[in-house]
Every structure is written in structure tokens, then in C-alpha cells.
1. Residue-wise, which Karplus ³J(HN,Hα) couplings in Hz belong to region 34-47, taking 6.51 cos²θ - 1.76 cosθ + 1.60, θ = phi - 60°, and x for glycine or proline?
2. Quote the FRET efficiency, to the nearest 0.05, computed for Ala19 versus Phe39 with a Förster distance R0 of 22 Å and r equal to the Cβ-Cβ distance.
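Coordinate-derived values only; no laboratory data. Treat the numbers as computed from the prediction; the structure is a model and nothing was measured. Neighbour counts are summed over all protein chains in view; Cβ atoms, including those assigned to glycine, are modelled from backbone coordinates with ideal geometry.
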Amino acid sequence: MNQPSATSSAAPENSSSGALFLAWAFVGIPLIWGVSQTFVKALTLFQ
């Protein structure tokens with residue numbers, strides 16, 4: 001029974017932090033905008 005080594009990492013080691021930031025911005029900015037618009041429109045239900 002072989003155990004996986006503890007030194008293996010789940011993330012690739014050659015990932016660029018700039019590309020990672022752009023990927024999160026590409027997803028995060030529309031997500032934040034959508035949540036804020038939903039919140040603003042939901043407020044009209046309670047007025």
C-alpha cells in the first residue's frame with residue numbers, strides 16, 4: 001500500500017499571479033455588480 005507523498009501540491013507551480021488576478025477579476029467584478037443590482041431591486045419590494 002503506497003501512500004501519496006506529502007510534498008505534492010494541488011496547484012500548478014508555474015501559475016502566474018497576474019493571470020490569477022485577471023481570472024478572479026473577470027469573474028468577481030460581474031458577480032459583485034449582479035449581487036448589488038439584485039440587492040437594490042430587492043429593496044423596492046420592502047418599501
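1. Working through the residues one at a time gives x, 5, 5, 5, 4, 5, 5, 6, 5, 4, 5, 6, 9, 9 Hz.
2. On the way: r = 31 Å, r/R0 = 1.39.
Between Ala19 and Phe39 the formula returns 0.10.
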